[in-house]
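First up is the structure itself, then whatever we jot down about it.
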Amino acid sequence: MVQQLTIFDAVPKEEAFGVGDTVEVVVNVEEKDVEDYYYLQDFVGLKGRVVKVIPGLQYEVQFKKKDRIGVFRHDELKRSEWNE
């Protein structure tokens with residue numbers, strides 16, 4: 001079966017995150033993009049685990065310290081080590 005990809009799916013598979021990966025939130029938007037900027041500010045610097053991969057290189061991430069789940073784009077996250 002052939003699957004057509006969009007330009008947003010162009011991240012190589014070895015760079016994409018999977019369920020269970022530990023990630024950290026980074027701010028990569030300009031302040032003029034107010035909605036995204038303030039959403040990310042609540043999570044910036046926090047480490048969590050990917051609990052679900054959403055099509056279009058988006059991820060649901062569970063944060064232990066905040067006891068909540070956030071949804072992030074691939075470029076809003078970076079790999080991290082889990083330190084409890």
Under 16 Å from a point 7 Å along the Cα-to-Cβ line of Asp33: which residues of region 52-68 have their amide N that close?
56-59
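Taking every pair of alpha-carbon atoms in region 44-84, give the share separated by more than 15 Å as a whole percent. Can you show the working numbers first?
Working: 285 of 820 pairs.
Roughly 35 percent, rounded to a whole number.
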Residue list for region 31-62, given a label point 7 angstrom along the Cα-to-Cβ vector of Glu81 and an amide N cut-off under 16 Å
47-48
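Just so you know, all these numbers are worked out from the coordinates, no wet-lab data involved. On a predicted model such as this, the values are computed, not experimentally measured, just so you know. Virtual Cβ from ideal backbone geometry, glycine too; neighbours counted across all protein chains shown.
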